Amino acid sequence: MCYKICVCIVAGWVAALAAPSSAADIHVSTDADCKVDLEGPIVAGDFEKLVELEDQLVVSNGESTSGSLICLDSPGGSLLDGLKMARFILERGVGTRIREDAECQSICAVMFMMGNARGAEVAFLDRRMHASSTLGFHRPYLTIDEARQYGAGDVELAYDIGIGSIYELMSLANTPTPWHDSLMIEPDLMELMAGTPGSDMYLIRTVEQVTRWQIGVDGLPGFERLTKPNVMFACENALNSGYTLTSVRNEDGLMTEQVFELRPANGWSVDNATRGVASKGESGRYATTSPRSGYSSISCEVDTSTDFIGVCGYDESSDTRLGNCDVGDDLRYFDRIYSQHPVSDLRALAVPLDVEFDAISFRRCRVVSMSGDATDDEVCLHLVSLVSGSQPKVRHLLQWQSGARTVIEIGVEVAEKSATVFVNGQRGEVLVTAGSCVRNLASGNQVCSENLSRD
């Protein structure tokens, strides 16, 4: 009985005991952005390799270790060495980077989350991923050699390693961030990691994920020009960054992936995100009310006039306060990515475009003819714009890989009236029974936009 219980516990938490065929390449970087590169799977002995480079990696400018940066490109590997390197990164004040098109998954993701700078005068989180990179979490796991016979001693050793590793992982995660009241890995991310089996991966892909868990992103535009919906997104993302994922708290479809569905949107929500955002009379300063407001008061003032987004506000539902709106300069400042729709895809945001939008993601787009044949079925860019006015609507722009564009405009929900639908200027209709699809009444073709699996 003990044997079965122990194996069950360990199998869920201990990293693979079989070493990868090749070790990580840990070397002094030739890139000015980083002092050391770590590339490839992590194996036993890699921690010692990293320690040997400490003098080249850990530097101080007199105020902090902000110049101490390690670039990570690894699928993961040894849990034990990975945890040791994560502790080293945390305690030495080493910043972490994931370059363009690189990956950092499994135990590498834990190492990445430990990125910080330390100093007597200055200390801060210092972990940044490129918009095109892959950052993925899952729980540690055990690989069993079915041809081998395991004895009681093997099980006891695996159990001890598993419990010790769990303790070290929790200790790292629960370390307070420098000069802040958050944790290096917040409990909700730990929960998602623990709930993702070793055969799967929880990927960081959206604005709300990086704002919630304080992950910097490179490779994005500066977002200099902001729409009124951007102001509301900034309020919501800022209020939720210390609490939970923005879309999780918003039942309204406007703030979730439902914004990409080809269906009529809630008229009050569109109005709230557009005409409901009011100028405060100062250049770049706005007042906005959250769509979650009701019995609880939830509102912000947002300053868009600087290189950062300044926010003050109060969420009565969670008793979350940012600054003090009664004092004009008592704002909290955030990266301008906070102004983007919470479920916008980071990779999509990095694509150069000549049109404005309020939300963007990669989707599966299909065109189905009247005969039922799929004439197009591919990954496309789906851009959403919220349009106010006497006839508020949501404009969906599907950009195909060929460069062609399909424009779908859907009016908001109005009591006892069908929403108006136009497909490339032609009258259309929403197909309620066909998923997220509309029909062009002139051609008879169906156009559909569906969620992609996050792999």
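The values are calculated or read from the model by the stated rules, or taken from the named source; none is laboratory data. Computed from a predicted structure; not experimentally measured. We place every Cβ from the backbone using ideal geometry, glycine too, and count neighbours over all the protein chains shown. Please note that ligands, DNA and RNA were not included when accessible areas were found on the heavy atoms of the full protein model with its side chains. Shrake-Rupley method; radii C 1.70, N 1.55, O 1.52, S 1.80 Å.
For this structure, a couple of remarks:
- So residue 120, is it among the hydrophobic types (A, V, I, L, M, F, W, C) and closer than 20 Å to residue 54 by Cβ: yes
- Taking the range 214-332 as the region of interest, the strands (runs of 3 or more DSSP E) fully inside it that hold 1 or more residues being crowded, with 20+ Cβ neighbours inside 10 Å and of a type in the set (Asp, Glu) are 298-303, 309-315.
- Pair list, Cβ < 8 Å and 6+ apart or interchain, from the range 81-99 residues that are under 19 Å from residue 124 (Cα atoms) to residues that are modelled with pLDDT under 95 and among the small types (Gly, Ala, Ser): 93/64; 93/119; 93/123; 95/66
- Condition check for residue 210: over 21 Å from residue 396 (Cβ atoms), modelled with pLDDT of 90 or more, part of a helix (DSSP H, G or I) and open to solvent by 20 Å² or more (accessible area, probe 1.4 Å): no
- Contact map, the range 168-192: residues that are farther than 19 Å from residue 244 by Cα paired with residues that are outside any loop (DSSP other than H, G, I, E, B) and among the basic types (Lys, Arg), Cβ distance under 7 Å, separation 6+ or inter-chain. Pairs shown: 172/87.
- Residue under evaluation residue 337, criteria (1) part of a loop (DSSP other than H, G, I, E, B); (2) in contact with a strand residue (DSSP E or B) (Cβ under 9 Å, 6 or more places away or on another chain), criterion not met: (1)
- The range 195-207 - residue that is at pLDDT 95 or above and open to solvent by less than 40 Å² (accessible area, probe 1.4 Å) and, of those, nearest to residue 271 (Cα to Cα): 207
- Checking each residue in the range 1-46 for being in contact with a helix residue (DSSP H, G or I) (Cβ under 8 Å, 6 or more places away or on another chain), surrounded by fewer than 20 Cβ atoms within 10 Å (Cβ to Cβ) and modelled with pLDDT of 50 or more picks out 23, 28, 43, 44, 45.
- Scanning the range 163-186 for residues that are of a type in the set (Asp, Glu) and under 20 Å from the mean Cα position of the chain (by Cα) turns up just one, 186.
- Enumeration of residues in the range 63-93 that are within 22 Å of the chain's Cα centre (by Cα) and β-branched (Val, Ile, Thr): 70
- Residues located in the range 84-101, provided they are closer than 29 Å to residue 347 by Cα and open to solvent by 10 Å² or more (accessible area, probe 1.4 Å): 97, 99, 100, 101
- Enumeration of residues in the range 83-115 that are in contact with a Cys (Cβ under 7 Å, 6 or more places away or on another chain) and not in a strand (DSSP E or B): 99, 112
- For the criterion of being more than 28 Å from the chain's Cα centre (by Cα) and either open to solvent by 30 Å² or more (accessible area, probe 1.4 Å) or in contact (Cβ under 8 Å) with a residue 60 or more places away in the chain (or both), residue 438 passes.
- Among the residues of the range 93-129, the one identified as of a type in the set (Ser, Thr, Tyr) and closer than 22 Å to residue 176 by Cβ is 96.
- Candidate set from the range 383-401 (those that are closer than 16 Å to residue 354 by Cβ and open to solvent by 30 Å² or more (accessible area, probe 1.4 Å)); member that is farthest from the chain's Cα centre (by Cα): 395
- Within the range 109-120, residues that are under 17 Å from residue 39 (Cα atoms) and free of Cβ contacts under 8 Å to residues at least 24 places away in the same chain have Cβ atoms under 7 Å from residues that are open to solvent by less than 10 Å² (accessible area, probe 1.4 Å) and acidic (Asp, Glu) in no pair, counting only partners at least 6 apart in sequence or on another chain.
- Any hit, the range 141-161, residues being in a loop (DSSP other than H, G, I, E, B) and modelled with pLDDT of 95 or more: no
- Scope the range 343-382; condition open to solvent by 20 Å² or more (accessible area, probe 1.4 Å) and of a type in the set (Gly, Ala, Ser); matching residues: 350, 369, 371, 372, 374
- The listed residue being within 19 Å of residue 325 (Cα to Cα) and touching a Ser or Thr at 6+ places or on another chain (Cβ under 8 Å), out of 254, 239, 203: 239
- Qualifying residue in the range 232-249 (condition: among the acidic types (Asp, Glu), over 20 Å from residue 126 (Cα atoms) and either touching a helix residue (DSSP H, G or I) at 6+ places or on another chain (Cβ under 8 Å) or touching a residue at least 24 places away in the same chain (Cβ under 8 Å) (or both)): yes
- Subset of the range 123-140 [assigned to a loop (DSSP other than H, G, I, E, B) and open to solvent by 10 Å² or more (accessible area, probe 1.4 Å)]: 123, 126, 132, 138, 139, 140
- The number of residues in the range 262-276 that are farther than 15 Å from residue 341 by Cα and either touching a strand residue (DSSP E or B) at 6+ places or on another chain (Cβ under 7 Å) or among the charged types (D, E, K, R) (or both) comes to 8.
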